[in-house]
Amino acid sequence: MPDTHLPVAERLPDDLAPQHIALAADRLFLEARTPQSWSDRPVPVETLHRLYELVRLAPTAFNGSPARFVFLTTPEAKERLRPALSRGNQSKLTAGAIAIVAYDRRFFEHLPLLSPHYDPSPMFVDEPSLAETTAFRNGTLQAGYLILAARLLGLDAGPMSGFDAEAVDAEFFADGRLRTNILVALGHADGPPSRPRAPRLDVSKAVVIL
């Protein structure tokens, strides 16, 4: 029986590992693009469940998993979001689903379950600023995992920051426990990219190795 704790490259046969790594790199990074226009092709509920099942396994501080996801899939649900969106993001509501990635400001209440080897919840109970910072940082990390998991499942993903977070909170999280972090359009591009991939900084401008 294979040891599933080993890295993928170490538990695949030698002649298959490089191919699988290359395919994953293509799907996640090299060929993936952020759509400028979206098809209205639906995203099945089962796919959204699979998406979360992948995201929840990726690391966060203390395994705290503070992100909470609201997937808007119906026209009625998406219209509730429209007033909060910037003009440039209105057209993205045609995507199969829009994910509201929020974070739970009281995520630490789940830490006795999520971190059974060591319960760090007391450090957050009376430190709301620390709890907020930790929830926001790790919730943002989980939003990144969401984008990569979506690409792995064959979906396109487009993060959005052009929106009124307070308006989203008022509409979807009125009790104040959750706060909106970022929105992510999920689904399928409406045709091929309309322009070449934009440049990225090269290693000399973005990396320091000491």
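The values are calculated or read from the model by the stated rules, or taken from the named source; none is laboratory data. Source: prediction; values computed, not measured. Every residue, glycine among them, receives a Cβ derived from its backbone with ideal geometry; neighbour counts consider all protein chains shown. Note: areas computed on protein heavy atoms with side chains; ligands, DNA, RNA excluded. Shrake-Rupley method; radii C 1.70, N 1.55, O 1.52, S 1.80 Å.
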- Does LEU153 count as open to solvent by 30 Å² or more (accessible area, probe 1.4 Å), hydrophobic (A, V, I, L, M, F, W, C) and over 20 Å from ARG80 (Cα atoms)? yes
- Within the stretch 37-62, of all residues that are part of a loop (DSSP other than H, G, I, E, B) and of a type in the set (A, V, I, L, M), the one surrounded by the fewest Cβ atoms within 10 Å (Cβ to Cβ) is LEU57
- Message: Yes or no: the stretch 105-123 includes at least one residue that is hydrophobic (A, V, I, L, M, F, W, C), surrounded by 14 or more Cβ atoms within 10 Å (Cβ to Cβ), in contact with a Leu (Cβ under 9 Å, 6 or more places away or on another chain) and in contact (Cβ under 8 Å) with a residue 60 or more places away in the chain.
- Response: no
- Give the stretch 63-93 a look and list any residue that's assigned to a helix (DSSP H, G or I) and surrounded by 20 or more Cβ atoms within 10 Å (Cβ to Cβ), or say none. LEU81, ALA84, LYS92
- Of residues in the stretch 179-210 being touching a residue at least 12 places away in the same chain (Cβ under 8 Å) and more than 25 Å from LEU153 (Cβ to Cβ), the one least open to solvent (accessible area, probe 1.4 Å): ARG179
- Search the stretch 129-176 for residues being more than 17 Å from PHE29 (Cβ to Cβ) and among the hydroxyl-bearing types (Ser, Thr, Tyr), and hand back the single one that is nearest to the chain's Cα centre (by Cα). THR140
